[in-house]
1. Over the Cα atoms of the chain, what radius of gyration and what Dmax do you get, in Å?
2. For the chain: lysine pairs with Cα atoms under 28 Å, gap of 8 or more or different chains, count?
3. Where the only charges are on Cβ atoms (+1 Lys, Arg; -1 Asp, Glu), what is the dipole of the stretch 14-107 about its Cα centre, to the nearest 20 debye?
4. For the stretch 42-105, what does the accessible surface come to per residue with a 1.4 Å probe? Please give it in Å².
5. According to a simple spin-label model (label point 7 Å from Cα along Cα-to-Cβ), what is the distance in nm between Val19 and Thr46?
6. Which loop trypsin sites (Lys or Arg not before Pro) in the stretch 4-97, with loop taken from DSSP, have no more than 12 other Cβ atoms within 10 angstrom of their Cβ?
7. Just how much of Leu3 is accessible, in Å², when a 1.4 Å probe is used and the result is rounded to the nearest 10?
8. Would you work out which of His15, Leu44, Met56 lies farthest towards the positive end of the dipole of the stretch 10-61, given +1 charges on the beta-carbon of Lys and Arg and -1 on that of Asp and Glu, about the Cα centre?
Amino acid sequence: MNLRRNFGKGEIIFHEGSVSDCAYVIEMGSIEIYTTTPQGEKILGTLGANEIFGEMGLIDGLPRSASARACETSVVFILTYQTFEKLVHKQPKALLPILKILSHRLR
């Protein structure tokens with residue numbers, strides 16, 4: 001399985017409500033996180049290189065709470081649940097950046 005993917009400008013990475021089985025780390029480019037409301041799309045944020053998104057699904061396994069699309073040509077690394085689980089058991093300190101991001105977003 002290729003754990004690195006390229007996305008073209010405007011390409012959807014995942015849709016709100018879809019199965020949440022991995023997270024993404026941006027190698028290059030930018031990704032827009034948005035949700036759909038009765039009034040239309042609401043942009044929740046734009047992320048750039050070295051930022052992570054989609055991480056909530058690795059922890060709670062619930063459907064995606066928002067959609068993600070590439071704002072420009074972008075390259076992302078995919079962090080699968082299996083890889084995440086290995087980190088939890090073998091290298092828990094490697095999870096600190098993810099936990100810091102979650103804490104920051106919750107604040």
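1. Over the chain's Cα set, Rg and Dmax evaluate to 13.6, 46 Å.
2. 4
3. 360
4. 61
5. 3.2
6. Numbers: sites: Arg4, Arg5, Lys9, Lys42, Arg64, Arg69, Lys86, Lys90, Lys93; in loops: Lys9, Arg64.
Those satisfying the criteria are Lys9.
7. 70
8. Farthest towards the positive pole: Leu44.
The values are calculated or read from the model by the stated rules, or taken from the named source; none is laboratory data. Since the model is a prediction, treat every value here as computed from it, not as a measurement. Glycine also receives a Cβ, built like all others from the backbone with ideal geometry; neighbour counts cover every protein chain displayed. Just so you know, the surface numbers come from the protein's heavy atoms only, side chains and all, with ligands and any DNA or RNA stripped out. Shrake-Rupley method; radii C 1.70, N 1.55, O 1.52, S 1.80 Å.
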